[in-house]
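**Student:** First the structure, then my questions, so here it is.
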């Protein structure tokens, strides 16, 4: 069977399952990025706050999740999550083992890790805003909230873009690890295909090509968006 | 939390440390050599060298490490030529496949770091060396490489820490390093949180020691940048170096 028949859309082709799996990879990456944005925002706010406790908690969060392998975090969520849900289920009168959906555990695990990186990105972006602009806004009589919305937030988005782009690329590639939980994303689908056709190289190379397409298109789009976001900033 | 269980787990996980360190040390050192070659290729200006190096870096940085491991461990075996080749005894071992994949992967990231370091060497330094009569390998060994190394070290330190974490993927191709043992224990006992804490502590300890070691090397390499007359404030410099590695 030629490569094009193998990856095609004919009766024996794996084209459709592979495309669906690619969509799953993209969906998990987007979900993880969103989870990470929530944790990153909270983490950055905690690190910038005056509260020592909040600062220490956020410090612990970023240190641990950036220092421990992501695979270990995925195992924690996969096994720990279902153990916790089963325990709660038994308490409420359910019986047997209750599994947590693989999509949810995967997106949460990768999301919380990416949140640790996003915390640093957002914090650096907030610190990059000149203090004078915030003081000026306050002097104009803007409330804290209005100042945040009109002055801080738009600039945080601008300064955080390059760092967020890096995190997004990392998240895209990290979703491959979720395959260990059995979620049928790109790598898991390739494993299934490789197993039943005995053509592992063809399948893993196809998966690699699709990941490459995702990352390359993201790089290109991000550079466009960055250029647009920076259009009002004078070039050095 | 059960202290006796935690202790037993911790002791079992300690057994995985030698393998984790082996994977990290061998792949980082082999990767550094390949990275240097790639960086020199990218800077050579000859398109026959520049484009293959760029393509390689693009591929390795754009695809997940786990896919690369599977390509080498499972993928290559698809070809009869590989199965009958001299390299087969190596390529069928998960240990060597993991090391190969890790080294090839870190080489691509390392190449970019080294390229940045080489770019940061001030032109005047090279001109001065040439004026003194240095050229070729001597110029590279005495002037360009040490300066580039100093620039690249903080970023390379980050890459080394990422590699220590990346060795955990070797567990997916059956190697029983720290994460592999942790995974087995979790699957057996379902006490994910306790085992995660033990395994996490081991990785944090390794990475903490690494960060310190890199900061120390950086400190040694930048001796000439610290004024001799000023009182030495080692702690502040160490802290700055640690901060730099953590961006």
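The values are calculated or read from the model by the stated rules, or taken from the named source; none is laboratory data. What you see is a predicted model, and the numbers here were worked out from it, not measured in a lab. Neighbour counts run over all protein chains shown; Cβ positions are idealised from the backbone, glycine included.
**Student:** Find the residue count for the range A:214-231, including only residues that are free of Cβ contacts under 8 Å to residues at least 24 places away in the same chain and either more than 14 Å from chain B (Cβ to nearest Cβ) or more than 17 Å from residue B:57 (Cβ to Cβ) (or both). Give the steps one after another, and end with the answer.
**Tutor:** Just the residues of the range A:214-231 that are free of Cβ contacts under 8 Å to residues at least 24 places away in the same chain, to begin with: A:216-217, A:220-221, A:223-224, A:227-228, A:231.
Next cut, either more than 14 Å from chain B (Cβ to nearest Cβ) or more than 17 Å from residue B:57 (Cβ to Cβ) (or both) only: A:217, A:221, A:223-224, A:227-228, A:231.
The qualifying residues number 7.
**Student:** With A:73, A:57 as the choices, which residue is within 20 Å of residue A:118 (Cα to Cα) and within 11 Å of chain B (Cβ to nearest Cβ)?
**Tutor:** A:73
**Student:** Sticking with this structure for a sec: Any residue in the range B:130-151 that is free of Cβ contacts under 8 Å to residues at least 60 places away in the same chain sitting within a Cβ distance under 6 Å of a residue that is assigned to a loop (DSSP other than H, G, I, E, B) and surrounded by 11 or more Cβ atoms within 10 Å (Cβ to Cβ)? List the pairs, counting only those 6 or more apart or interchain.
**Tutor:** Every condition considered, the pairs that remain are B:144/B:121; B:147/B:121; B:148/B:121; B:151/B:120.
**Student:** How many residues are modelled with pLDDT of 85 or more and over 17 Å from residue A:71 (Cβ atoms) if we restrict to the range A:93-109? Outline the logic, then answer.
**Tutor:** Residues of the range A:93-109 modelled with pLDDT of 85 or more: A:101-109.
Checking the rest, the ones that are also over 17 Å from residue A:71 (Cβ atoms) come to A:101, A:103-104.
Residues meeting the conditions: 3.
**Student:** Out of everything in the range B:177-188 that is free of Cβ contacts under 8 Å to residues at least 24 places away in the same chain and within 10 Å of chain A (Cβ to nearest Cβ), what residue ends up being surrounded by the fewest Cβ atoms within 10 Å (Cβ to Cβ)?
**Tutor:** From the range B:177-188, those free of Cβ contacts under 8 Å to residues at least 24 places away in the same chain are B:183-184, B:186-188; that's our starting set.
In the following step, the residues that additionally are within 10 Å of chain A (Cβ to nearest Cβ) were identified as B:183, B:186-187.
Numbers: B:183: 23, B:186: 24, B:187: 13.
Within the range B:177-188, the match that is surrounded by the fewest Cβ atoms within 10 Å (Cβ to Cβ) is B:187.
**Student:** Being assigned to a helix (DSSP H, G or I), surrounded by 24 or more Cβ atoms within 10 Å (Cβ to Cβ) and on the phi < 0 side of the Ramachandran plot, is that true of even one residue in the range B:194-201?
**Tutor:** First, the residues of the range B:194-201 that are assigned to a helix (DSSP H, G or I): B:194-201.
Restricting the remaining residues to those that are surrounded by 24 or more Cβ atoms within 10 Å (Cβ to Cβ) gives B:195, B:199.
Pick out the ones that are also on the phi < 0 side of the Ramachandran plot and you get B:195, B:199.
Checked against the condition, which is being assigned to a helix (DSSP H, G or I), surrounded by 24 or more Cβ atoms within 10 Å (Cβ to Cβ) and on the phi < 0 side of the Ramachandran plot, the range B:194-201 yields at least one hit.
**Student:** Among the listed residues B:98, B:80, which satisfies the condition of being over 28 Å from residue B:45 (Cα atoms) and surrounded by 17 or more Cβ atoms within 10 Å (Cβ to Cβ)? Give the steps one after another, and end with the answer.
**Tutor:** Numbers: B:80 fails: surrounded by 17 or more Cβ atoms within 10 Å (Cβ to Cβ).
Result of the check over B:98, B:80: B:98.
**Student:** Is it true that residue B:174 is surrounded by fewer than 17 Cβ atoms within 10 Å (Cβ to Cβ) and in contact (Cβ under 8 Å) with a residue 12 or more places away in the chain?
**Tutor:** Values: surrounded by fewer than 17 Cβ atoms within 10 Å (Cβ to Cβ): yes; in contact (Cβ under 8 Å) with a residue 12 or more places away in the chain: yes.
Here the answer is yes, as residue B:174 does meet what is asked.
**Student:** Could you please let me know if residue B:169 is surrounded by 20 or more Cβ atoms within 10 Å (Cβ to Cβ) and more than 14 Å from chain A (Cβ to nearest Cβ)? Break it down stepwise before answering.
**Tutor:** Details: surrounded by 20 or more Cβ atoms within 10 Å (Cβ to Cβ): yes; more than 14 Å from chain A (Cβ to nearest Cβ): no.
For residue B:169, the condition - surrounded by 20 or more Cβ atoms within 10 Å (Cβ to Cβ) and more than 14 Å from chain A (Cβ to nearest Cβ) - is not met.
**Student:** Return the only residue of B:72, B:126 being within 14 Å of chain A (Cβ to nearest Cβ), buried (at least 16 other Cβ atoms within 10 Å of the Cβ) and assigned to a helix (DSSP H, G or I).
**Tutor:** Values: B:126 fails: within 14 Å of chain A (Cβ to nearest Cβ).
Every option except B:72 fails the conditions.
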